[in-house]
Amino acid sequence: MARHTLDTIPPYVFYELDDRRMAARARGQQLIDVGIGSPDGPIPAVVVEAMQQAAADRSLSGYPNFRMHPAYQAAVVGYMQARFGVTLDPSAQLHALAGSKEGIAELILSHTNPGDVVLVPEVYYPVYARATLLAGAEPVYVPFLPDGRLDLDALDPALVARAKVLIVNYPGNPTTMTVTLDELARYVAFAERRGLLLLSDLAYSELSFDGFAVPSVLQVPGAERVAVEMHTCSKSFNMAGVRAAFVAGKRDAIARLDRYRSNIGYGVSTLAQVAATAAFTHHATIVPPIGAEYRARRDALVQAFRAGGWPVVAPRATMYLWLDVPAGFGDWEWVDALIQGPGVVVTPGMAFGEAGRGKFRVSFVQSAERLAEAARGIVASARR
């Protein structure tokens, strides 16, 4: 009997990391966990208040809107206009999602068939490749140029001819790489020439520092003809547990996603959409203090590494450092050395694809003081 597609996909690296974490805690070890990028800050008060009021609303007894709650649509239209200068048709260019990870998977599954190709950055958020494999399609990994741009010219034309989707992720997880609007325009032009759906994962749109403003691919003239973009409440608003996001852009792609979703589910929780409505409505007041906290954490972490002799470059976006594993260690050997030594949990680079081997990710999900302590432990372990 043929194996099911799911059986051919290797175990999720984060499960293995979680096993190591739980084993250490079972031994009574105290850990500084900077592995998973799960926000530790509070949900904004205005969002909590909206959720509390909505919880008593009788309308929650019924099913949610298939595509998007009207109030959520209006909030997102206002946000995209205020933040990026992008005008959207709420009836055709928006769809609510229960987190952008789910939405990315559904877009891939709804736009590919077995034998198709999805062009994925060589270091990538895992769902890009895993959803592609679940669709029976082939992930083809696009190498990075030294400045973080995708080297599209390096691709085999025969593989590009089979491609249906090109994924870009700036600011990048885990790489922290950023690009300009001009570079996003290059991806739009490539997708249009090749007849591809351009999928932009913009999970870290609001987590930028030092005066850098993250651009949206939908700011590129004509992008709405070929591109969709994922936005989420998870990181920018400390709402990862709420599972609220949206996708915006190409009308046909949104309609196809809606057809797919309506066959397997019944919309996004109304309570989550109410929470997201409050978040995007009040983004201008919510985001600055969250961003300032992450900037302080970044600075404390970077300073501690530099004090220990590590030449760390401060990223201008995301909530991560992406660092080289010290010489003499494999990915898992390094993870184990940190857990068993200073009690620091990091994510091995191989979690983000073969091209991530030899790297590790540190997340800004502890206080500045704890992050500095983690950095000192990491530096000390590298010297042993």
task = Take A74 and decide whether it is assigned to a loop (DSSP other than H, G, I, E, B) and closer than 20 Å to K250 by Cα.
result = no
request  = All but one of (1) at pLDDT below 95; (2) assigned to a strand (DSSP E or B) hold for G328, so report the exception by its number.
outcome  = (2)
remark   = Out of (1) within 17 Å of the chain's Cα centre (by Cα); (2) surrounded by fewer than 19 Cβ atoms within 10 Å (Cβ to Cβ), the one R162 does not meet is (1)
ask   = Of everything in the range 66-110 that's acidic (D, E) and buried (at least 16 other Cβ atoms within 10 Å of the Cβ), which residue is nearest to F237 (Cα to Cα)?
value = E102
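Return the only residue of A272, A284 being surrounded by fewer than 19 Cβ atoms within 10 Å (Cβ to Cβ) and part of a helix (DSSP H, G or I).
Numbers: A272 fails: surrounded by fewer than 19 Cβ atoms within 10 Å (Cβ to Cβ).
Answer to the check: A284.
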remark   = For the range 79-97, pairs from a residue that is assigned to a helix (DSSP H, G or I) to a residue that is surrounded by 14 or more Cβ atoms within 10 Å (Cβ to Cβ), with Cβ under 6 Å and 6 or more apart or across chains, are Y79/F280; Y79/H283; M80/V86; M80/L88; F84/S216; F84/Q219
ask   = Can you pull out the residues in the range 227-245 that are under 13 Å from the mean Cα position of the chain (by Cα) and in a strand (DSSP E or B)?
value = E229, M230, H231, T232, A245
query = Just a yes or no: is a residue in the range 301-309 buried (at least 21 other Cβ atoms within 10 Å of the Cβ), under 29 Å from G28 (Cβ atoms) and under 21 Å from the mean Cα position of the chain (by Cα)?
reply = no
query = Quick check: anything in the range 121-132 within 18 Å of L6 (Cα to Cα), hydroxyl-bearing (S, T, Y), touching a residue at least 40 places away in the same chain (Cβ under 8 Å) and not in a helix (DSSP H, G or I)?
reply = no
request  = Filter the range 213-229 for residues that are closer than 20 Å to A276 by Cα and either surrounded by 24 or more Cβ atoms within 10 Å (Cβ to Cβ) or aromatic (F, W, Y) (or both) and give the result.
outcome  = V228, E229
Close pairs (8 angstrom Cβ cut-off, 6 or more residues apart or separate chains): under 13 Å from S367 (Cα atoms) in the range 286-315, among the aromatic types (F, W, Y) and surrounded by 15 or more Cβ atoms within 10 Å (Cβ to Cβ) anywhere = I290/F237; Y294/F209; Y294/F364; R295/F209; R297/F364; R298/F209; R298/F364; L301/F364
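Which residue is nearest to the chain's Cα centre (by Cα), if the candidates are limited to the range 133-145 and must be within 22 Å of R361 (Cα to Cα) and in a loop (DSSP other than H, G, I, E, B)? Working first, answer last.
Residues of the range 133-145 that are within 22 Å of R361 (Cα to Cα), as a first pass: 141-145.
Next, from what is left, pick out any that are in a loop (DSSP other than H, G, I, E, B): 143, 145.
On the way: P143: 19, L145: 21 Å.
Within the range 133-145, the match that is nearest to the chain's Cα centre (by Cα) is P143.
So, of the residues in the range 20-59 that are under 23 Å from the mean Cα position of the chain (by Cα) and in a helix (DSSP H, G or I), which turns out to be farthest from G377 (Cα to Cα)? If you could, list the steps in order and put the result at the bottom.
Narrowing the range 20-59 to residues under 23 Å from the mean Cα position of the chain (by Cα): 21, 32-44, 47.
Applying the additional criterion that residues be in a helix (DSSP H, G or I) yields 21, 47.
Details: R21: 17, V47: 37 Å.
Here the answer is V47.
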task = Answer yes if at least one residue in the range 312-331 is surrounded by 20 or more Cβ atoms within 10 Å (Cβ to Cβ), of a type in the set (D, E, K, R) and more than 26 Å from Q29 (Cβ to Cβ), and no otherwise.
result = no
ask   = In this structure, is D210 surrounded by fewer than 24 Cβ atoms within 10 Å (Cβ to Cβ) and in a helix (DSSP H, G or I)?
value = no
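Residues are listed down the side, and each one gets a yes or a no for (1) hydroxyl-bearing (S, T, Y); (2) more than 24 Å from P143 (Cα to Cα); (3) touching a residue at least 60 places away in the same chain (Cβ under 8 Å):
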| residue | (1), (2), (3) |
| --- | --- |
| M319 | no, no, yes |
| V325 | no, no, no |
| A337 | no, yes, no |
| G349 | no, no, yes |
inquiry  = For the list (1) within 19 Å of the chain's Cα centre (by Cα); (2) among the charged types (D, E, K, R); (3) surrounded by fewer than 24 Cβ atoms within 10 Å (Cβ to Cβ), I need the number of the one condition that D201 fails.
reply    = (3)
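Residues to consider are R361, R297; find the one that is at pLDDT 95 or above and touching a strand residue (DSSP E or B) at 6+ places or on another chain (Cβ under 9 Å). Steps first, please.
Working: R297 fails: touching a strand residue (DSSP E or B) at 6+ places or on another chain (Cβ under 9 Å).
Result: R361 is the single residue among R361, R297 that is at pLDDT 95 or above and touching a strand residue (DSSP E or B) at 6+ places or on another chain (Cβ under 9 Å).
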inquiry  = Condition check: closer than 30 Å to Y12 by Cβ and assigned to a loop (DSSP other than H, G, I, E, B). Does V118 satisfy that?
reply    = no
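The values are calculated or read from the model by the stated rules, or taken from the named source; none is laboratory data. Note that the structure is predicted; figures quoted are calculated from it, not measured. Using ideal geometry, Cβ is built from the backbone for each residue, glycine included, and neighbour counts are taken over all protein chains shown.
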